[in-house]
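Here's the structure, in structure tokens; my notes come after.
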Amino acid sequence: MAALDAAAALEELQRGNARFAAGAVEHPAQGVDRRAQLAGGQQPFAAVLSCADSRVPPELVFDRGLGELFVVRTAGQVLSPPVLGSLQYGVAHLGVPLLVVLGHSACGAVQATCDAVAAGAGPSGTAIDSLVDAIRPAAERAAAAGLDAAVRANVEDVVADLGGDELLAAAAAAGRLRIVGAVYDLATGEVTFR
Ligand SMILES: [Zn+2]
């Protein structure tokens, strides 16, 4: 696929998700030819930071193939230095024009954080605390409005944090990058861009 701008990249994702949601997938760019073509290099058209949830694999929900999406996944699609560094690499070195933060309905990481906030629970002493700490501001702000609201608030927070990153902000200001939030519905298969 030739280099796309952010608008064209977003359209490709929307078209692919419409196919996936309708059960009309094409599984593009997954053959031996494509693999061979990519062995010398990659030019993905979008970066996706999504939840690690097994029901939300970006290549499947957007019906895309090899070499098309630069994907980073963590529970609750939270940021950490290696995650941010990976996304910076995708933008600065691979030239992705679009960065999608993909949350989803019934996210267990967001639910667990809302539960911890509601219970006033202290740290567990595990690395899971780092997820809860990252999601906590969204949970505190939106949990009263329900899990869906907390999921949206968490996506908004991550989009805002990425937008505040110096490298990514410079790329956006130069017109080389657009950062968008999105939420995937586990039941319908539809991604709603925000
Ligand atoms: Zn999740």
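No lab work stands behind these numbers, since they all come straight from the coordinates. What you are looking at is a predicted structure, and each value in this text was computed from that prediction instead of being measured. With ideal geometry, Cβ positions are generated from the backbone for all residues, glycine too; neighbour counts draw on all protein chains shown.
A few points about this structure:
- Segment 91-157: C-alpha gyration tensor shape, a/c 1.5 cut-off, then a/b vs b/c: oblate
- Shape of segment 122-172, Cα gyration tensor, a/c cut at 1.5: oblate
- Antiparallel DSSP beta bridges within the chain, as percent of all bridges there, nearest 5: 15 percent
- Total formal charge among the other residues, if their Cβ is under 14 angstrom from that of A170, Lys/Arg +1 and Asp/Glu -1: 0
- The packing ranking, built from the mean of other Cβ atoms within 10 Å per residue, places the peptides 91-100, 128-137 in the order 91-100, 128-137, highest first.
- Computed over the chain, the percent of Cα pairs more than 27 Å apart is 29.
- Span-rule helices in the chain, defined as complete DSSP H runs reaching 20 Å or more along the axis (Cα) with Kyte mean at least -1.0: 6-22, 128-142, 147-163
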